[in-house]
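What follows is a short report on a single structure.
Only the coordinates and a few stated rules stand behind these numbers; no lab work does. Nothing here was measured: the structure is a model prediction, and the numbers come from that model. All Cβ positions, even for glycine, are placed from backbone atoms using ideal geometry, and neighbour counts span all protein chains on display.
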Amino acid sequence: MGQYSKGSETKSGILLAARQLFYERGYQQTSVRDIANASGANLGLIQYHFGSKSALALELYASFRNELNSLAEAQGIAASGTCTFFLFCNMVELAYGIRSKPFGRFFAEIMREPDIRQYYQKRIIARLRMYNKREVDEVYYQMTCVAIAAMKPALIDWAIGGAEPVEGRNVVEYYLGEYIHFLGESAELHQTILTELTNYHFDVGERFTPILTRLAGASTALAGAKAPTADTKTFPPTARQGDEAVENTTGIRPALKIIR
């Protein structure tokens, strides 16, 4: 029991160190040796627990998505497992990538890894089969999967890497429209999700902590409520160029101020 506990602690320490380094430096600029030095674990232990740097990054990304989904569930945004919930969370992730340069950089970089890209494509094609309303053949599923999987990291990379600020809403609206088209969903659902997104403040805190905060007085568009009033801040803010998050060394998600 003690040996298992020690192994679990070692793995958690490696994940924590990698999460911090990837946040600060980016995935490509962080080596396995950097992670070993920061975590106090040797290279052999990292190999034992994860097998590779990309496998470690994939575990961190999967954890981030689980945290995002849990935040959305806690807000009561549609029912988990539905097409609406899936699309909403995907658009929030894109908004995160545009809003937070550390997360956007991390996401765009890890999607260049073949094993992570394959994992991502498998997730997408599974959801396409689950939610698609059109009668299409397997080739269509495959082509759509490749197109959508490549589109999000490319849009994020473009949004955060350009010389000019990018209006995040335009990017999210475009990407959502592509999903709606591929799935054969309605223009009404497209607009409803966009409206619901305006009800939230998005950001990513220290160590890739996802933040999804409902704006004061916001209604729930996905439940058929009215759209937010004109003075509500639209999502997401213009892509930030090099903003630094406030350091949180406690490991506890801080109380959040709504940014308007």
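Per residue, the convex hull spanned by the Cα atoms of the range 1-107 amounts to 117 cubic angstrom. Once the Cα-Cα distance is subtracted from the 0.36 nm per residue extended length, the MET143 to ALA216 segment shows a gain of 22.1 nm.
A viscosity of 1.002 mPa s and a temperature of 20 °C, combined with the Kirkwood radius over C-alpha pairs in the Stokes-Einstein formula, give the range 1-51 a diffusion coefficient of 195 µm²/s.
Cα-Cα over 24 Å: which of LYS53/LYS122; LYS11/LYS101; LYS11/LYS53; LYS53/LYS101? Checking Cα-Cα distances, LYS11/LYS101 exceed 24 Å. Computed extension length for SER63-GLU173: 37.0 nm, one decimal, from 0.36 nm per residue of separation with the Cα-Cα distance subtracted. Among the GluC sites (Glu not before Pro) found in the range 1-102, not one is both in a DSSP coil and sparsely packed, with 14 or fewer other Cβ atoms within 10 Å of its Cβ.
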